[in-house]
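Right, one structure below, let's go through it.
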């Protein structure tokens, strides 16, 4: 019920101006496993308000140091990748180990401490479309 409520909230807040986001959200909610492309696109929509396609978005995030490398767009999105992008973008200081090592493993711990990820999260856990929207919704609520 919680995931469905978050999905409905995400849809109702989208207007005609944000048609790209609304259509993306509908498609993403149907996916049992979100892809890296989905994670990058949703991250760009959440932080910049627009997406220019995976290639340009990934290059821009890599240039900013938010994406550790350019991934294959069709790989499953993991909690580690999403946590790393969030931790780098918001410069989380909730994990001394992430501050030192800058790894996805410690980014997950930092995001758990900040309340973006549930406590049972791990760096290799694949996220569904709804789970990805839930994590980015928590992150976007703090901005």
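The values are calculated or read from the model by the stated rules, or taken from the named source; none is laboratory data. Note that this is a predicted model, so its numbers are computed, not measured. Don't worry about glycine lacking a Cβ; one is built from the backbone with ideal geometry, like all the others, and counts go over all protein chains shown.
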Of all residues making up region 126-143, the number that are in contact with a strand residue (DSSP E or B) (Cβ under 6 Å, 6 or more places away or on another chain) and either at pLDDT below 95 or assigned to a loop (DSSP other than H, G, I, E, B) (or both)
0
Does region 103-115 contain at least one residue that is under 10 Å from the mean Cα position of the chain (by Cα) and buried (at least 24 other Cβ atoms within 10 Å of the Cβ)?
no
Exactly one of 68, 76, 118 is touching a strand residue (DSSP E or B) at 6+ places or on another chain (Cβ under 6 Å) and surrounded by 14 or more Cβ atoms within 10 Å (Cβ to Cβ), and that one is 76
In region 7-92, which helices (runs of 4 or more DSSP H) lie fully inside it and hold 3 or more residues that are touching a helix residue (DSSP H, G or I) at 6+ places or on another chain (Cβ under 9 Å) and modelled with pLDDT under 90?
19-29, 36-47
